[in-house]
1. Any idea of the accessible area per residue across the chain, 1.4 Å probe, to the nearest Å²?
2. How large, in percent, is the carbon and sulfur part of the accessible surface of segment 65-139 at a probe radius of 1.4 Å?
3. Rounded to the nearest 10 Å², what accessible area does SER288 have for a 1.4 Å probe in the complete protein model?
4. Specify whether the C-alpha gyration tensor of segment 1-95 places it in the rounded, prolate or oblate class, a ≥ b ≥ c being the square roots of the eigenvalues: rounded for a/c under 1.5, otherwise prolate if a/b is larger than b/c and oblate if not.
5. In segment 26-79, what chymotrypsin sites (Phe, Trp or Tyr not before Pro) fall in a loop by DSSP, with at most 11 other Cβ atoms inside 10 Å?
6. Rounded to whole Hz and in sequence order, give me ³J(HN,Hα) for segment 288-298 from the Karplus expression 6.51 cos²θ - 1.76 cosθ + 1.60, θ = phi - 60°, writing x for Gly and Pro.
7. Compute the whole-percent fraction of alpha carbon pairs in the chain spaced more than 28 Å apart.
8. Extension gain THR142-SER196, at 0.36 nm per residue separation less the Cα-Cα distance, in nm?
Amino acid sequence: MDWGQIFNNTAYWVFSPETIAYALAAVGLAVQFGYGGLLNFGMAGFMALGAYGYAISILSFGLPWWAGILVGCLAAVAFAFILGIPTLRLRADYLAIVTIAAAEIVRLFLTTQLFDEWTNSADGLSGYHAGFRAANPFPPGTYGFGPWQWTEAQLWVRVFGALLLAIAVYIVWAIMRSPWGRVLKGIREDEDAVRSLGKNVFAYKMQALIIGGVFGALGGVVFALPSAVVPATYTTSITFFIWTILLLGGAATVFGPVLGAVIFWVIMGFLGNVLPALANSGVLPLSSVQAGTLRFILVGVALMLIVIFRPQGILGNKRELTFVK
């Protein structure tokens, strides 16, 4: 086993576009669930709309790359309204059912031949990178050191994604310290008490769903920047990975989703390298493919242990999660 190569491959995930994209989506889920108590199991749908809104705007309508990002965010806002209007006045479990089904409906719509002119159905979209790369402020060359070496295009994706993530974290930090954030946390704890004070609980929930959905769409954009948009990517597994990241870092925390994303992908990267290597060396009685799949089982077990023994996450305060009981 080449441990040096294994650790180099693992270190890649510390600052990868996937890590940044999932952190952005987890920040959005923190607004919805951690602070608002909304059970959104459809974050994959928000990410898909952000990615496809970005790509379609550029390829089909010739919009600049920054306008494509705005279109993706607007698509997420519309999706949040469609999900929220019929469900936010009901119990939280209805929102969970609707969101997980709606996200799958979005994915199936993107694969159907009906919209093939714009979505290219199951083959997905590519070739939308020119405008974004033309805005790259870094001159051609190789940057970084050790396992963190990137071309100017790869560095630009990471820097841009990190800027979006920093802005999202700052926005969450600011609004949760504001009167709006205090009302939202009050709704999480006891929405009937907040309603009795004359607050429009439905409006606050809708705003939280929209804000979190926009962050999810931005995560989808960052996820699509390095390569292509393929509908098979946006399955329910993305949503459950984001939930794992959120619970790992801390649901009702500002920086927890970022820490959770880094830890999650480093562990996934390490297991994805070391388990097949152990299988190939005969330590595990499995094929390399089976060993690679084993990491998902271990992540599922880890998620159960987190929920049982550390529901507040690494950075969370146990008092912040009394609403989970």
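1. Accessible area per residue, the chain: 45 Å².
2. Of the solvent-accessible surface of segment 65-139, carbon and sulfur hold 69 percent.
3. Here the residue's solvent-accessible area equals roughly 50 Å².
4. oblate
5. PHE61
6. 5, 5, 5, 5, x, 6, 4, 4, 5, 5, 5
7. 43 percent
8. Taking 0.36 nm per residue and subtracting the Cα distance, the gain is 13.5 nm.
The values are calculated or read from the model by the stated rules, or taken from the named source; none is laboratory data. Note that the structure is predicted; figures quoted are calculated from it, not measured. So basically every Cβ, Gly included, is an ideal-geometry build from the backbone, and we count neighbours across all protein chains shown. Keep in mind that these areas ignore ligands, DNA and RNA; they rest on the heavy atoms of the full protein, side chains included. Shrake-Rupley method; radii C 1.70, N 1.55, O 1.52, S 1.80 Å.
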